[in-house]
Amino acid sequence: MSSHTTKYLLIGGGVASVSAAQTIRDHDKEGSILLVCGENHPPYDRPPVSKSALAKDTFADDDAYSKFDNFYPDNHIDLLVGVRATRLDPAARTATLENGDTVTYEKALLATGAKPHGSDLPGAELPGVFYLRTLDDARNLREVFPRHPDVVVVGAGYLGIEVAAACIGRGLKTTIVSAGGHPWHLFASETTGSFIKTRFEREGARFVLGHHVIGVAGTSRAEAVVTDAGTTSAQCVVICTGAELNTELASAAGLKVATDGGIVVDSKLQTSDPHVWAAGDVAHFDDVVLGKQWHAEHHLHARWQGRAAGANMAGADTPYDQVPYFFSDFLDLHMILRGDSELVGESTFYGSVKDGEFVELYFEGDGTIRKGIAISHDEPKLDPISETLERLIRERKDVREVRAKEFGF
């Protein structure tokens with residue numbers, strides 16, 4: 001056991017922490033930085049985990065690493081890999097690591113992310129049942145797929161649809177089971193969900209929708225997914241039913257935690273303790289654009305919040321001001337979502353849903369645009385559409401004033 005002292009302690013091995021580290025160094029050339037990663041990898045980007053890391057046998061772990069190895073020594077950032085923080089004491093400004101070491105800090109960032117939901121499902125402990133959150137998870141699945149090519153994906157959100165697309169690309173028999181009545185039911189309309197379903201069915205996928213999963217059946221390993229309507233055979237089950245935020249460290253430290261999830265922070269990402277910030281999935285933040293308090297789980301959100309938190313830790317005093325941005329890639333399609341991902345309500349379309357080239361705008365009762373979903377086969381086409389959606393949401397534009405030509409249709 002040993003003791004360390006650092007000006008900036010960054011807890012979490014994702015893109016939020018490494019973005020914060022880079023921004024801190026841009027503002028503070030001398031202050032010491034210690035970045036603590038619980039996984040046996042340096043910080044890495046998570047989008048490849050459900051895409052290329054799952055689809056390509058040639059994928060190497062470092063393909064997903066957020067920075068080249070020399071980034072950390074070149075910027076005088078101390079990187080501690082494979083060790084988790086187990087206790088935070090805001091009064092003493094110390095953190096205890098699982099190896100027994102103690103770190104004394106001036107300022108700390110909690111970017112502890114999330115873990116997969118669904119481990120309490122009966123039968124989830126059986127061999128052949130998998131979750132997908134980490135690079136190691138993706139590697140394990142790549143090794144299993146050739147031996148067990150009958151796959152059931154539980155969940156039809158972002159992750160479930162991307163996993164199913166990777167399975168289809170590998171030529172696996174793929175079934176998608178979801179309690180929702182259509183894919184993406186938590187954030188997209190039935191029309192958009194039906195488009196996704198039709199495209200996947202065209203590739204040979206099967207859907208079991210509108211039925212709750214009761215458990216996984218099997219003797220020595222998974223053999224079927226059991227729903228309230230019956231069973232679906234499976235040699236491999238991938239559970240993609242959302243995530244649980246890692247707020248345990250913050251809660252035990254006495255920091256304010258929201259009842260519906262996340263470490264409560266203000267518009268500048270500062271927690272209830274003035275020396276601790278939070279960013280990424282785990283931050284329940286004051287959204288100055290949408291006018292609500294919530295948490296968002298996506299790559300760009302984590303990167304942007306990491307930058308904002310790092311700047312404020314280094315002396316800036318700037319609110320986090322970004323229109324939420326989500327993206328997904330599946331089959332031969334690309335999708336972006338700008339705005340309030342929790343909103344599902346009245347919407348209108350521009351372009352052609354049938355051809356997979358469209359924008360869907362979601363709006364409030366008075367016509368104010370709150371969210372846009374855009375889908376295209378041509379990824380570069382989405383960049384100007386994204387900028388237009390951001391402008392419309394920031395301006396609180398009335399949907400009745402929008403014309404298709406604004407999106408290039």
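The values are calculated or read from the model by the stated rules, or taken from the named source; none is laboratory data. Being a predicted model, the structure only gives us computed values, none of them experimental. Reconstructed Cβ throughout: ideal geometry from the backbone, glycine too, with neighbour counts over all protein chains shown. In case anyone asks, the SASA skips ligands and DNA or RNA and just uses the protein heavy atoms, side chains included. Shrake-Rupley method; radii C 1.70, N 1.55, O 1.52, S 1.80 Å.
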Checklist line | Gain in span if fully extended, residue 117 to residue 212, counting 0.36 nm per residue against the direct Cα distance | finding: 32.7 nm
Margin query: If I take R0 = 45 Å and measure r between the Cβ atoms of residue 321 and residue 143 in this structure, what FRET efficiency does the formula 1/(1 + (r/R0)^6) give, to the nearest 0.05?
Written below: 0.55
Note to self: Under a crude label model (7 Å from the Cα following the beta-carbon direction), how far is residue 244 from residue 96 in nanometres?
What the structure shows: 2.2
Next item on the list: Report the one residue of 80, 70, 123 whose Cα lies farthest in the direction of the positive end of the charge dipole of the chain (charges on C-beta: Lys and Arg +1, Asp and Glu -1; origin at the Cα centre).
Entry: 123
Check: Taking the simple approach of a point 7 Å from Cα along Cα-to-Cβ for both residue 190 and residue 221, what is their distance in nm?
Finding: 4.0
Margin query: Name the residue from 3, 393, 23 whose Cα lies farthest towards the positive end of the charge dipole of the chain, charges +1 on Cβ of Lys and Arg and -1 on Cβ of Asp and Glu.
Written below: 393
Item checked: For a label point 7 Å along the Cα-to-beta-carbon line of residue 106, residues of segment 30-45 with backbone N under 16 Å -> 30-35
Margin query: Using each residue's phi in segment 296-305, evaluate 6.51 cos²θ - 1.76 cosθ + 1.60 at θ = phi - 60° and report the 3J(HN,Hα) Karplus result to the nearest Hz, with x for Gly and Pro.
Written below: 10, 10, 6, 4, 5, 4, 5, 4, 5, 5
Margin query: Leaving out ligands, DNA and RNA, and with a 1.4 Å probe, what % of the accessible surface on segment 302-363 is carbon or sulfur?
Written below: 46
Next item on the list: Would you mind checking which residues have amide H under 5 Å from residue 272's amide H? H placed 1.01 Å from N; only 5 or more apart, or other chain.
Entry: 256
Item checked: 1.4 Å probe accessible area per residue over the chain, in Å² -> 42
Next item on the list: With the full set of protein chains in place, find how many percent of the accessible area of segment 98-154 is carbon and sulfur; take the probe as 1.4 Å.
Entry: 51
Notebook entry, point to check: Based only on Cα atoms, what Rg/Rh ratio does the chain have, Rh being taken as Kirkwood's radius?
Noted result: 0.98
Next item on the list: At a temperature of 4 °C and a viscosity of 1.567 mPa s, determine how fast segment 289-409 diffuses translationally according to Stokes-Einstein, using the Kirkwood radius over alpha-carbon pairs as Rh; express D in µm²/s, rounded to the nearest whole number.
Entry: 85
Checklist line | Phi-based couplings in Hz for segment 380-394 (Karplus 6.51, -1.76, 1.60; Gly and Pro marked x) | finding: x, 5, 6, 4, x, 5, 4, 5, 5, 4, 4, 4, 4, 6, 5
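Out of all DSSP beta bridges in the chain, what portion is antiparallel? Express it as a percent rounded to 5. Before the final figure, lay out the partial values.
Numbers: 49 of 87 bridges.
So the antiparallel bridges in the chain amount to around 55 percent.
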Checklist line | Estimated dipole of the chain in Debye, rounded to 20 [Cβ of Lys and Arg +1, of Asp and Glu -1, Cα centre] | finding: 340
Check: What is the local net charge at residue 126, summed over the other residues whose Cβ is closer than 14 Å to its Cβ (Lys, Arg +1; Asp, Glu -1)?
Finding: -2
Checklist line | In Hz, Karplus ³J(HN,Hα) per residue of segment 205-212 (6.51, -1.76, 1.60; θ = phi - 60°; x = Gly, Pro) | finding: 6, 10, 10, 10, 10, x, 10, 7
Item checked: Gain in span if fully extended, residue 355 to residue 288, counting 0.36 nm per residue against the direct Cα distance -> 20.5 nm
